[in-house]
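In what follows, a single structure is set out as structure tokens and then discussed.
The values are calculated or read from the model by the stated rules, or taken from the named source; none is laboratory data. As the structure is a computational prediction, the values presented were derived from the model and not from experiment. Counting neighbours? That spans all protein chains shown, and the Cβs are built from the backbone with ideal geometry, glycine included. For accessibility, only protein heavy atoms count, side chains too; no ligands or nucleic acids. Shrake-Rupley method; radii C 1.70, N 1.55, O 1.52, S 1.80 Å.
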Amino acid sequence: MKKDTTDMQEAADTMEKTARGPFAPVYPFLAERFYQESELKQGLCLDIGSGGAQLGLAIGKISNLEVIALDINKYALDYAQENAQAMGLSDKFSVLNADVIAIPLASDSVDLCVSRGSFWFWEDGIKAFAEIYRIMKPNAKAFIGCGFGTKEILDKVVEQMQSHNPEWNTKREKLFQDNPVEKFEGYLSAAKIENFTIEDTDSGRYIVFSKIAQ
Ligand SMILES: C[S@@+](CC[C@H](N)C(=O)[O-])C[C@H]1O[C@@H](n2cnc3c(N)ncnc32)[C@H](O)[C@@H]1O
């Protein structure tokens, strides 16, 4: 679905307000986990559907990794640049305004792929996962999903979001119901990604896979 400029700006503004507010504790928590499990000392991390890149930048803050934020919405990437500057991370940070189904990066070039809250919106799930797999280096890891870290963090987020948007949690739960795990298993199988696991917990869902070295 093509959005016009005003819609894109509004979507970016709304997401950024949420990311800087109620969602703020989520990113450092996820970043710590993904970075530790990547076992990387250096390399390139791609934050896919980054919004203001709070997740990618949280990884950049605790590591030597370079970070690229990719988003289809260029206004979200303006926030990402602003956030990188505020965190003093601009030297190791860049942005790509692109669709996940056509990532403008070379094959086998990324060490760690992360994504939070974006996969619901990908119009072609098979192409998206195949494209992520293409740009991953052999043995690179990907964490793609929508999570809040822990049930405690999620409960606090729900409380804050519901205070000005009473429908928020119902809509959040509907996203999970409308997009069951089997749907994503189908995308990954069709994209020929074999060794994946899907974690579906009370704090969210994460699809975890690594690229098999040929
Ligand atoms: C709910 S926001 C999440 C933003 C951020 N990851 C976070 O957790 O704060 C979803 C983001 O995915 C982006 N997005 C949606 N479809 C996309 C696509 N096909 N390719 C790249 N980005 C996409 C949106 O523009 C938006 O910034």
Notebook entry, point to check: Among the residues of region 61-71, is any open to solvent by 10 Å² or more (accessible area, probe 1.4 Å), within 27 Å of Phe176 (Cα to Cα) and not in a loop (DSSP other than H, G, I, E, B)?
Noted result: yes
Item checked: Residue list for region 169-214, restricted to those being open to solvent by 30 Å² or more (accessible area, probe 1.4 Å), farther than 16 Å from Gly147 by Cβ and part of a helix (DSSP H, G or I) -> Thr170, Lys171, Lys174, Gln177, Asp178, Glu182, Lys183, Glu185, Gly186, Tyr187, Ser189, Ala190
Notebook entry, point to check: Only one of Ser210, Ser163, Ser203 is farther than 19 Å from Ser115 by Cα and hydroxyl-bearing (Ser, Thr, Tyr); which?
Noted result: Ser163
Item checked: region 116-150, subset within 16 Å of Leu96 (Cβ to Cβ) and touching a helix residue (DSSP H, G or I) at 6+ places or on another chain (Cβ under 8 Å), residue nearest to the ligand (Cβ to nearest atom) -> Trp122
Checklist line | Subset of region 74-115 [closer than 28 Å to Glu182 by Cα and within 13 Å of the ligand (Cβ to nearest atom)] | finding: Ala98, Asp99, Val100, Ile101, Ala102, Ile103, Cys113, Val114, Ser115
Notebook entry, point to check: Here are Glu37, Glu32: which of them is assigned to a helix (DSSP H, G or I), touching a Lys or Arg at 6+ places or on another chain (Cβ under 9 Å) and more than 9 Å from the ligand (Cβ to nearest atom)?
Noted result: Glu37
Item checked: So Leu46, is it touching a strand residue (DSSP E or B) at 6+ places or on another chain (Cβ under 8 Å), assigned to a strand (DSSP E or B), closer than 28 Å to Glu123 by Cα and of a type outside the set (Asp, Glu) -> yes
Checklist line | Pick from region 18-38, criterion touching a strand residue (DSSP E or B) at 6+ places or on another chain (Cβ under 8 Å) and farther than 10 Å from Gly149 by Cα, ranking: most open to solvent (accessible area, probe 1.4 Å) | finding: Glu37
Checklist line | Condition check for Met15: touching a Phe, Trp or Tyr at 6+ places or on another chain (Cβ under 8 Å), open to solvent by 20 Å² or more (accessible area, probe 1.4 Å), farther than 28 Å from Lys137 by Cβ and at pLDDT 95 or above | finding: no
Check: What is the one condition in (1) touching a Ser or Thr at 6+ places or on another chain (Cβ under 7 Å); (2) exposed (fewer than 14 other Cβ atoms within 10 Å of the Cβ) that Ile48 does not satisfy?
Finding: (2)
Next item on the list: Tell me, yes or no, whether region 121-141 has at least one residue that is within 21 Å of Phe29 (Cα to Cα) and of a type outside the set (Val, Ile, Thr).
Entry: yes
